[in-house]
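J.: Sharing a structure below in structure tokens format, with a few things to ask.
Quick note: the coordinates plus some simple rules give every number you see, no bench work behind them. Treat the numbers as computed from the prediction; the structure is a model and nothing was measured. Backbone-built Cβ (ideal geometry, glycine too); neighbour counts: all protein chains shown.
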Amino acid sequence: MNIDEYQTLACRTMGDASLTTLALGIAGESGEVADLVKKHVGHSHELDREKLKEELGDVLWYVATMARALGCELRDLFPSYSFESTTNCARKRALERAATGISASAGRVLILLNDSDGFSIGYEESQALERFLAQLVLSINDACKTIGVEIEDVAAANIDKLRRRYPDGFSSERSRNREE
Ligand SMILES: [Mg+2]
């Protein structure tokens, strides 16, 4: 699955979510990544690699849908070079850095929307949000490399989960009553 296909399929279940709702989604899913990494690095838990993959996919989903809400292509937020920042430092440190990067960028998105009225953002704010989303993609990509998966595989697993959860598109009722 390429990134364009992923964004199209991800947006199938975005409904009419506002920028603020999507920003809260980024914050929530970033927190789930942070919690898994904290437990692994800080509390010596076994890394639940599949769960981390899933949560990275959840963050990516919100990045893809917020990009759509801003009228930009997810592919334009991807780095145009191979990102190899994890090669020179220990894996746990690299994973910790990727997780703090994700949460930091999530925070920047929230601060910007909290400082505006959240509904009518101007051109400069929109450009800033796109930069923060690009930083999120970098950190998600870095986390993927740290655990030895490709971001495209994380994206594909995310779509599989949403297909199971919302076979006919997003519905609030299915969201309220889902088991997983
Ligand atoms: Mg999640």
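J.: Given charges of +1 on the Cβ of Lys and Arg and -1 on the Cβ of Asp and Glu, with all other atoms neutral, how large is the dipole of the chain about its Cα centre, in debye to the nearest 20?
T.: My answer is approximately 460 debye.
J.: So how compact is the stretch 1-77: Cα radius of gyration and Dmax in angstrom?
T.: Taking only Cα atoms of the stretch 1-77, I get Rg and Dmax of 13.9, 42 Å.
J.: Sequence gap at least 6, Cα distance under 8 Å: using those rules, report the relative contact order of the chain to the nearest whole percent.
T.: Here the relative contact order equals 35 percent.
J.: Now for a separate question. Putting +1 on Lys and Arg Cβ atoms and -1 on Asp and Glu Cβ atoms, find which of THR146, ASN114, LEU129 reaches farthest to the positive end of the dipole of the stretch 28-180.
T.: THR146
J.: Also: Grab the other residues whose beta carbon is less than 13 angstrom from that of LEU70, score K and R as +1, D and E as -1, and report the net.
T.: Combined, the nearby Lys, Arg, Asp and Glu give -3.
J.: Ordered by packing density, taken as the mean number of other Cβ atoms within 10 Å over each peptide's residues, highest first, how do 162-168, 148-154, 40-46 rank?
T.: 148-154, 162-168, 40-46
J.: With r as the distance between the Cβ atoms of GLU73 and LYS51 and R0 = 22 Å, compute the FRET efficiency 1/(1 + (r/R0)^6) and round to 0.05.
T.: About 0.15, to the nearest 0.05.
J.: Another question, then. Size of the stretch 1-160 along its principal axes in angstrom, Cα-based, largest extent first?
T.: The Cα atoms of the stretch 1-160 stretch 44, 33, 28 Å along their principal axes.
J.: Right, something else. Which of the pairs LYS92/LYS145; LYS39/LYS161; LYS51/LYS161 have their Cα atoms more than 21 Å apart in this structure?
T.: Checking Cα-Cα distances, LYS39/LYS161 exceed 21 Å.
J.: Quick test of the membrane-span-like rule: which DSSP H helices of the chain reach at least 20 Å along their long axis (C-alpha atoms) with mean Kyte hydropathy at least -1.0?
T.: Those that clear 20 Å and a mean of -1.0 are 19-37, 49-69, 91-115, 123-146, 151-165.
J.: Add -39500 (n - 2.57) for each DSSP H run of 4 or more in the chain, then divide by its residues: what number comes out at 222 nm, to the nearest 500 deg cm²/dmol?
T.: When only DSSP H runs of four or more count, the value is -22000 deg cm²/dmol.
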